[in-house]
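Take a look at the structure set out below.
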Amino acid sequence: MRFISFLCLLMSGLTVAAPEVTTKTITDGLEHPWGVAPLPDGRFLVTERPGYITLVDRDGAKMRLTGVPEITAERQGGALGIALDPDFVKNQTFYACLVIADASGATSSEVYKGQLKGAQWVNVKPIVIAQPKDKSGFHFGCRLAFAEDDSLYVGLGDRWVGMEKTQALDNHYGKVLRVTKDGKPHPQNPYLDTVVPEVFSIGHRNIQGMAWHSKYLQMWAHEHGPKGGDEINILQAGANYGWPTITYGVNYNGTPITDKTKQEGLEQPLHYYVPSIAPSGMAFYKDDLLMGSLKFRYLNYVELKDGKVVAEHQLLKDLNARIRDVVVQNEQVFVVTDEVNGRLLEIVFQ
């Protein structure tokens, strides 16, 4: 398939040369950074998975915000996704997806909303609490992205223990939610008559990247498969993306999850990966797509043509770092590296 894609590119006259990039370190010393949101004034908000939200100044100086709720950082949980309100310049509001425990120690992803005031997060309140809570430390999802109509999409994982429940409309396992800025179900959601009216799509395993495509007016997402079967999907209201009824992956021990990769009524991915690359973070750069590969430690530059994947390039392999998030602001590209001494980098395309 890659050889055919290469021939098609040659015949179409498109370049297949990998883009050349350089990196500039904005700051380091971040503890397993997970999400990054560039502010309009050149500063950054960064979530650090052990339980912090950090303000990074333009000169690289760092200050952890006060006012952040008590976060449960265990296994894959902690301070995860982050997104600015579309009216941030006016209201200084941002949203973060945090893993929060109840009195019994059971956890789930919760989306909080509040305002940035100096080095404080003020007027902080939860607007989405994923249900049910349980004691698994895996597959939280917890990516956030705003659409053009200011609706907020929340990508949630199956929590590992909820794999068989992703198809049911009585929980948030393996779902994408679409809510207003106050956390109410979007009035055009497809499941308003269920007990989970905030659900937009179902059948996901572990969403780790989401981005709004402003040209096609679509929300795109990718998710981790098991052993193989990572997917890039274009999200549609009421669509079922199949997990675990269909998948291109297998269990980690090599045994089959299902004998089906396709089934009527279930969506096929736009693109899938065997073996898995463990994608993380997602952003559109000009007409193409960027996302990290945690497993193979590179930034994946995905060339798109008419909304289809036509080529892929592995960038930043010399960093030997897990690219956890990638964002684009005014054609400037920024990534964070998931490590004890994590870095916030600007990526400059030559």
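The values are calculated or read from the model by the stated rules, or taken from the named source; none is laboratory data. Since the model is a prediction, treat every value here as computed from it, not as a measurement. Positions of Cβ are backbone-derived with ideal geometry, glycine not excepted, and every protein chain shown enters the neighbour counts.
I'm told Asp158 meets every condition in (1) assigned to a loop (DSSP other than H, G, I, E, B); (2) touching a His at 6+ places or on another chain (Cβ under 7 Å); (3) without any contact (Cβ under 8 Å) to a residue 60 or more places away in the chain except one. Can you identify the failing condition by its number?
(3)
Can you tell me which residue within the stretch 65-118, out of those that are among the charged types (D, E, K, R) and under 26 Å from Lys135 (Cβ atoms), is surrounded by the fewest Cβ atoms within 10 Å (Cβ to Cβ)?
Residues of the stretch 65-118 among the charged types (D, E, K, R): 70, 74-75, 85, 87, 90, 102, 110, 113, 117.
Narrowing the set further to residues that are under 26 Å from Lys135 (Cβ atoms) leaves 70, 74-75, 102, 110.
Numbers: Glu70: 8, Glu74: 16, Arg75: 14, Asp102: 11, Glu110: 21.
Looking at residues that are among the charged types (D, E, K, R) and under 26 Å from Lys135 (Cβ atoms), I get Glu70.
Being out of contact with any strand residue (DSSP E or B) (no Cβ under 8 Å at 6 or more places or on another chain), crowded, with 18+ Cβ neighbours inside 10 Å and not aliphatic (A, V, I, L, M) narrows it down to one residue among Asn189, Asn233, Asn240, Asn171; which is it?
Details: Asn189 fails: out of contact with any strand residue (DSSP E or B) (no Cβ under 8 Å at 6 or more places or on another chain); Asn233 fails: out of contact with any strand residue (DSSP E or B) (no Cβ under 8 Å at 6 or more places or on another chain); Asn240 fails: out of contact with any strand residue (DSSP E or B) (no Cβ under 8 Å at 6 or more places or on another chain).
It is Asn171.
Assuming Val327 fulfils every condition listed in (1) surrounded by fewer than 15 Cβ atoms within 10 Å (Cβ to Cβ); (2) over 26 Å from Lys227 (Cβ atoms); (3) of a type outside the set (Ser, Thr, Tyr) apart from one, which condition is it?
(1)
How about the stretch 155-212: which of its residues are among the aliphatic types (A, V, I, L, M) and under 17 Å from Asn233 (Cβ atoms)?
Leu156, Val176, Leu177, Val199, Ile202, Ile207, Met210, Ala211 - these are the residues of the stretch 155-212 that are among the aliphatic types (A, V, I, L, M) and under 17 Å from Asn233 (Cβ atoms).
Taking strands (runs of 3 or more DSSP E) that fall entirely within the stretch 227-343, which contain at least 2 residues that are under 17 Å from the mean Cα position of the chain (by Cα)?
In the stretch 227-343, the matching strands (runs of 3 or more DSSP E) lie at 230-235, 271-273, 279-285, 288-293, 298-305, 323-329, 332-337.
When Asp149 is evaluated against the numbered criteria (1) touching a strand residue (DSSP E or B) at 6+ places or on another chain (Cβ under 9 Å); (2) assigned to a loop (DSSP other than H, G, I, E, B); (3) more than 17 Å from Asn206 (Cα to Cα), which criterion, by number, is the only one it fails?
That leaves (1) as the condition not met.
Looking only at residues in the stretch 22-60 that are of a type in the set (Gly, Ala, Ser) and surrounded by fewer than 21 Cβ atoms within 10 Å (Cβ to Cβ), which one is nearest to Phe88 (Cα to Cα)? Full working, then the answer.
Of the residues in the stretch 22-60, the ones of a type in the set (Gly, Ala, Ser) are 29, 35, 37, 42, 51, 60.
If we keep only those that are surrounded by fewer than 21 Cβ atoms within 10 Å (Cβ to Cβ) too, we end up with 29, 42, 51, 60.
Numbers: Gly29: 27, Gly42: 13, Gly51: 23, Gly60: 22 Å.
Only one residue fits best here, namely Gly42.
Output the residues belonging to the stretch 124-142 that are assigned to a loop (DSSP other than H, G, I, E, B), of a type in the set (A, V, I, L, M, F, W, C) and buried (at least 24 other Cβ atoms within 10 Å of the Cβ).
Kept after step one, since they are assigned to a loop (DSSP other than H, G, I, E, B), are these residues of the stretch 124-142: 130-133, 135-140.
Narrowing further to those that are of a type in the set (A, V, I, L, M, F, W, C): 130, 138, 140.
Listed by number, the residues that qualify are Ala130, Phe140.
Where the second residue is surrounded by fewer than 16 Cβ atoms within 10 Å (Cβ to Cβ) and of a type in the set (Phe, Trp, Tyr) and the first is farther than 16 Å from Phe349 by Cβ and lies in the stretch 294-307, which pairs have Cβ atoms under 9 Å and are six or more apart or on separate chains?
Gly307/Tyr216
Taking only pairs six or more apart or across chains, which ones have beta-carbon atoms under 6 Å, a first residue in the stretch 121-144 that is modelled with pLDDT under 95, and a second residue that is surrounded by fewer than 17 Cβ atoms within 10 Å (Cβ to Cβ) and not hydroxyl-bearing (Ser, Thr, Tyr)?
none
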